[in-house]
1. Let me check against my output: what whole-number percent is the relative contact order of region 7-89, with C-alpha pairs under 8 Å and at least 6 apart?
2. Lys and Arg at +1, Asp and Glu at -1: add these up for the other residues within a Cβ distance under 11 Å of MET12 and post the number.
3. With only Lys, Arg, Asp and Glu charged, each at its Cβ (+1 for the first two, -1 for the last two), find how big the charge dipole of the chain is about the Cα centre; round to the nearest 20 debye.
4. Report, in deg cm²/dmol and to the nearest 500, the calculated mean residue ellipticity at 222 nm for the chain, where each DSSP H run with n ≥ 4 adds -39500 (n - 2.57) and the sum is divided by the residue count.
5. Which lysines, on any chain, are close to LYS91 with Cα under 21 Å apart, when same-chain ones fewer than 8 places away are left out?
6. If the cut-off is a Cα-Cα distance under 18 Å, which lysines reach LYS14, setting aside same-chain residues fewer than 8 apart in sequence?
7. If I model a spin label as a point 7 Å beyond the Cα along the Cα-Cβ vector, how far apart are those points for ARG52 and THR22 in nm?
8. Can you compute the FRET efficiency between PHE86 and ALA41 using 1/(1 + (r/R0)^6), with r the Cβ-Cβ distance and R0 = 25 Å? Round to the nearest 0.05.
Amino acid sequence: MRGVLNQEAQKMAKKHFGREITTTELRLMSYIQYVMMNGQAIDPRRINQDEREILSKWRKEEHISGGVSGLLITREFWDAINDILFVTYVKR
């Protein structure tokens, strides 16, 4: 199923972040990928409080900076989320 955490994704999350991720975090990664390829600005109407807390955590972990006016993302985080999205969204 698309967009569902699996063991391979959790293994990648542990490798990249040193921890497992939640389904909410996974789905936010998908939105962040979209944002970075389409204008690089988060629409505050499209994220809820749980997602705001995840964004805050990512800022503290120094994966991202900025936000509504323009999001910046590290290359390492970009590569990590794409690895995880591939194994959770792409049919292989």
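Each reported figure results from applying straightforward, stated rules to the coordinates on display, with no laboratory input. Remember, predicted model here, so these are calculated numbers, not experimental data. Ideal geometry is used to build each Cβ from the backbone, glycine not excepted, and the neighbour counts take in all protein chains shown.
1. Working: 68 pairs, mean separation 31.0, N = 83.
The value is 37 percent.
2. Numbers: positive: LYS11, LYS14, LYS15; negative: GLU8, GLU20, ASP79, ASP83.
Here the count lands on -1.
3. 200 debye
4. Taking each H run of at least 4 residues, the total per residue is -18500 deg cm²/dmol.
5. The qualifying lysines are LYS11.
6. LYS57, LYS60
7. Each label point lies 7 Å from its Cα, and together they span 1.5 nm.
8. Efficiency for this residue pair is about 0.55.
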